[in-house]
Amino acid sequence: MFALVDCNNFYASCERVFRPDLVGKPVVVLSNNDGCVIARSNEAKKLNIPMGAPAFKYEPLFQKNKVHVFSANFALYGDMSHRMMTILSDFCADMEIYSIDEAFLKLSPLQDVSLHEKGCQIRDKATQWTGIPVSIGIAPTKALAKVANHIAKKYPEETKGVYVIDQDEKRIKALKWLSIDKVWGIGRQHTKRLNAMNIKTAYDFTQLSDTWIKKHLSIVGQRLKNELMGIPTLDLEKLNIKKTIATTRSFDENYTSIEPLKERVSTFAVSCAEKLRKQHSCCNSLMVFIHTNGHRPDLPQYSRNMLIKLPYPTNSGIELTQFAIQALSLIFKTGYHYKKAGVIVMDFTPADNVQQTLFQHRNERHIPLMQTIDMLNQLYGQQKIRLASQDTKRVWKMKQEKLSPRYTTKLSDIITIHI
DNA sequence: TCTGGGGTCCTAGGACCC
DNA sequence: TCTGGGGTCCTAGGACCC
């Protein structure tokens with residue numbers, strides 16, 4: 001059986017762990033730049049604040065309802081996630097970390113307790129040890145575990161946050177209850193098409209013919225149907241090596257010249273290189289993109305990307321920066337207000353198994369240099385060592401007006417308790 | 001004034017090979 | 001009159017997830 005453990009309103013719950021005074025009150029967390037709402041407590045959801053709501057448009061509603069607003073604090077969320085996953089892995093080594101706030105556990109047959117009791121044990125320990133409430137769905141397939149999780153979340157009173165689908169009647173009842181757009185793997189486009197055919201629930205979906213599903217939703221849809229029918233088709237995926245890595249940001253203001261863009265792109269390339277080294281990969285291709293603000297149709301729009309094949313695989317921040325700046329220079333045009341840029345690296349090879357080429361290869365001396373930079377940055381704080389092309393004067397700032405302390409990852413931010 | 005960031009997988013079609 | 005058959009690799013685009 002698969003158990004899906006999902007943290008409730010994860011980012012909002014993280015903010016509450018060290019602010020117990022906020023329990024029962026509406027809390028929202030904003031995206032980078034304090035742009036839009038990316039997490040909401042149940043109380044905030046009840047105020048009809050949608051996911052992705054632009055913060056500036058909802059400011060009056062926040063004020064009126066005393067909504068507690070936070071800037072995204074990914075240092076905190078990442079650390080809390082790590083704590084959660086560590087606790088879950090104690091219960092079950094056979095685990096897939098599916099996202100920052102979700103994990104699938106593969107439960108082996110239990111002797112002493114029922115599945116439901118097991119789920120309750122996991123829920124209690126996870127919540128007590130991290131302070132974050134979780135919901136758990138247990139079922140014979142991953143897609144059905146997702147369905148069970150939905151039920152646990154939707155009916156916290158009745159289920160106490162744990163729901164098990166272990167009989168066919170329960171499976172069918174659940175599928176008839178779940179509307180098609182809530183099914184894992186069915187997004188907006190598929191919903192539109194299915195609704196047009198009068199397919200409204202997950203159950204309706206399982207009644208479609210294999211041929212139709214395969215033709216219109218490809219093999220992915222076929223797998224989903226199997227899973228919903230209770231036929232295990234998807235297994236845990238444990239390989240955690242990424243296939244693409246990106247660092248992209250919107251800017252607080254618009255840039256019209258290439259200089260500030262060069263600085264941003266350098267910083268993004270350095271960040272990609274760091275992430276590459278963390279997973280011991282080198283990349284063979286790099287893409288840079290820039291674009292104007294799509295929400296301003298009154299301004300001239302421009303959007304381009306440039307993908308370059310590197311002459312040799314590398315994870316050196318210096319080399320990637322050089323290539324990224326080259327790419328940027330090729331696509332930059334004056335006369336536009338740039339709002340966003342990014343660097344994406346792809347086409348990886350293992351760092352310890354790099355194929356050399358005859359004429360050009362990476363600067364080997366960068367390897368120990370990057371190790372030293374990584375070490376210093378880890379010791380003295382992120383980006384302590386930077387390239388000269390980066391923002392050495394710390395001019396660039398993300399809008400983060402409501403940032404909470406880094407309670408768990410910064411010594412000076414640890415809370416003091418007065419007794 | 002102000003609207004996020006980071007991923008995965010699949011398919012069709014073109015270019016190429018013998 | 002009539003013009004084969006069987007592959008691989010790559011890319012862009014579309015769908016999805018959190």
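The values are calculated or read from the model by the stated rules, or taken from the named source; none is laboratory data. All values derive from a computational prediction rather than experimental measurement. Backbone-built Cβ (ideal geometry, glycine too); neighbour counts: all protein chains shown.
Working only within the range A:324-362, note down all residues that are in a loop (DSSP other than H, G, I, E, B) and within 16 Å of DNA strand B (Cβ to nearest atom).
If the condition is that a residue be in a loop (DSSP other than H, G, I, E, B) and within 16 Å of DNA strand B (Cβ to nearest atom), then A:TYR336, A:HIS337 are the ones that fit.
State yes or no: is A:ARG304 basic (Lys, Arg) and either over 27 Å from the mean Cα position of the chain (by Cα) or farther than 17 Å from A:THR248 by Cα (or both)?
Details: basic (Lys, Arg): yes; either over 27 Å from the mean Cα position of the chain (by Cα) or farther than 17 Å from A:THR248 by Cα (or both): no.
Taking the combined requirement at face value, the residue does not satisfy it.
Are there helices (runs of 4 or more DSSP H) fully within the range A:17-126 with at least 3 residues that are within 16 Å of DNA strand C (Cβ to nearest atom)? List them.
A:74-91
Can you tell me which residues in the range A:177-235 are without any contact (Cβ under 8 Å) to a residue 24 or more places away in the chain, outside any strand (DSSP E or B) and of a type in the set (Gly, Ala, Ser)?
Across the range A:177-235, the qualifying residues are A:GLY187, A:ALA196, A:SER209, A:SER218.
Identify all residues within the range A:178-195 that are of a type in the set (A, V, I, L, M), within 14 Å of A:ALA143 (Cβ to Cβ) and away from DNA strand B (no atom under 16 Å from the Cβ); write none if there are none. Break it down stepwise before answering.
Taking the range A:178-195 first, the residues of a type in the set (A, V, I, L, M) are A:178, A:180, A:183, A:186, A:194.
Imposing the further condition that a residue be within 14 Å of A:ALA143 (Cβ to Cβ) reduces the set to A:178, A:180, A:183, A:186.
Passing the criteria: A:LEU178, A:ILE180.
Quick one: what pairs do we get from the range A:295-308, first residue part of a loop (DSSP other than H, G, I, E, B), second surrounded by fewer than 10 Cβ atoms within 10 Å (Cβ to Cβ), C-beta under 9 Å, 6+ apart or different chains?
Note: pairs meeting the criteria are A:PRO300/A:GLY335; A:TYR302/A:GLY335.
Of the numbered conditions (1) at pLDDT 95 or above; (2) more than 17 Å from A:THR244 (Cα to Cα); (3) among the acidic types (Asp, Glu), A:ASP298 fails exactly one; give the number of that condition.
Tallying (1) at pLDDT 95 or above; (2) more than 17 Å from A:THR244 (Cα to Cα); (3) among the acidic types (Asp, Glu), A:ASP298 fails exactly one: (1).
When only residues in the range A:196-245 that are on the phi > 0 side of the Ramachandran plot and in contact with an Asp or Glu (Cβ under 9 Å, 6 or more places away or on another chain) count, which is farthest from DNA strand B (Cβ to nearest atom)?
A:ASN198
For the range A:310-323, state whether one or more residues are touching an Asp or Glu at 6+ places or on another chain (Cβ under 9 Å), within 20 Å of A:LYS243 (Cβ to Cβ), surrounded by 15 or more Cβ atoms within 10 Å (Cβ to Cβ) and of a type in the set (A, V, I, L, M).
The first filter runs over the range A:310-323 and keeps only residues touching an Asp or Glu at 6+ places or on another chain (Cβ under 9 Å), leaving A:310, A:312-313, A:315, A:317.
Going one step further and asking which of them are within 20 Å of A:LYS243 (Cβ to Cβ), we end up with A:310, A:312-313, A:315.
In the following step, the residues that additionally are surrounded by 15 or more Cβ atoms within 10 Å (Cβ to Cβ) were identified as A:310, A:312-313, A:315.
The next check asks that each one be of a type in the set (A, V, I, L, M); those that pass are A:310.
Yes, that holds for at least one residue.
Are there any pairs, at least 6 apart or on different chains, whose C-beta atoms fall under 7 Å, with the first in the range A:40-69 and farther than 22 Å from A:ASN8 by Cβ and away from DNA strand B (no atom under 13 Å from the Cβ) and the second in a loop (DSSP other than H, G, I, E, B) and of a type in the set (Ser, Thr, Tyr), and if so, which?
Short answer, once both residue conditions are applied: none.
Given the structure, is A:VAL265 crowded, with 17+ Cβ neighbours inside 10 Å, more than 24 Å from A:GLY294 (Cβ to Cβ) and of a type in the set (A, V, I, L, M, F, W, C)?
On the way: crowded, with 17+ Cβ neighbours inside 10 Å: yes; more than 24 Å from A:GLY294 (Cβ to Cβ): no; of a type in the set (A, V, I, L, M, F, W, C): yes.
The answer is no for A:VAL265.
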